[in-house]
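Undergrad: Got a structure here, written out as structure tokens. Questions coming.
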Amino acid sequence: MTTAPRETEVQRALRGLEDDRSSVRLRAAMAVGSAPDPAYVGGLVQRCAVEPEFFVRDMLTWALTRHPASLTLPALRGELRSDRPQARSQALHTLSKIGDRRAWPAITRALLSDADDEVARSAWRAAVVLVPEGEEAGLAGVLVTQLGRGDRRVQLSLSQALVALGEMSVPVLRAAAAAGDPGVRAHALATQRLLRDPDAGFASAIEEARRIVSLTGAPGRTPSPGSPAEGDWDRADR
């Protein structure tokens, strides 16, 4: 009588990552991260693409950061070409946590302007972590093309990325503040406010910027008497 081969520890852990119970998947990811092995990398990356629970995905990312970048970077770069938005988004998130700048060439303009908001947000965060010294201005120039996009959560993420680039964002934000699109102008003005005052809340900054844009009208228009000039935040509040 032939005995079935005994399940290895690696096989048991990888099977745990696919369990129907999120608690089991979480424990499996924690166990994998606590005892890194090259055999786990492929399964971790594959699970990131489909895992429905945020806290489990976060543990999967942690487990990947426990493995050598020489193993994880190639697998994660491959996921950036996936048709599945979650695969792209989670790979970008994990690359930002690993923080190895060898991944920078994989952060393409297509990802920074991805049609899926979560992918784009992850790309913005990864980009400001991985951008090499001397390429910050170019990155700011790409990021500014996304001003005015999405809901407040998306706009906050973009503003945070531009603020993280510091002075390199100043020229492109100044140009965007004179754009014809009122949504772009307001978002640029709000981001300028956050650059000047990092403790300012985004919600109040964007509302204030929208009021300024509404009162001043199209770029080049002379404000009517009593209306605030763009950037005159104190008067706009009154």
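Coordinate-derived values only; no laboratory data. Worth saying up front: this structure is predicted, and the values here are computed from it rather than measured. Virtual Cβ from ideal backbone geometry, glycine too; neighbours counted across all protein chains shown.
Undergrad: Give the Rg (one decimal place) followed by the Dmax (whole number) of region 75-197, computed from C-alpha coordinates and expressed in Å.
TA: Rg then Dmax for region 75-197, in Å: 13.9, 42.
Undergrad: Please state the relative contact order of the chain as a whole percent: Cα pairs under 8 Å, 6+ residues apart?
TA: After rounding, I find 10 percent.
Undergrad: Okay, next question. If exposed means no more than 11 neighbouring beta carbons inside 10 Å and the site is in a DSSP loop, what's the longest run of the chain without any exposed GluC sites (Glu not before Pro)? Could you put the intermediate results ahead of the total?
TA: Values: sites that count: GLU7, GLU133.
Result for the longest clean stretch: 8-132.
Undergrad: Using a simple charge model, +1 on the beta-carbon of Lys and Arg, -1 on the beta-carbon of Asp and Glu, nothing else, what dipole does the chain show about its Cα centre, in debye to the nearest 20?
TA: Details: 31 positive and 30 negative charges, 38 e Å.
Dipole size: approximately 180 debye.
Undergrad: Over the alpha-carbon set of the chain, work out the extent along each principal axis and list the three values in angstrom, largest first.
TA: Largest to smallest, the principal-axis extents are 96, 36, 30 Å.
Undergrad: Using alpha carbons only, what's the Rg to Rh ratio of region 17-151 with Rh from Kirkwood?
TA: A ratio of 0.99.
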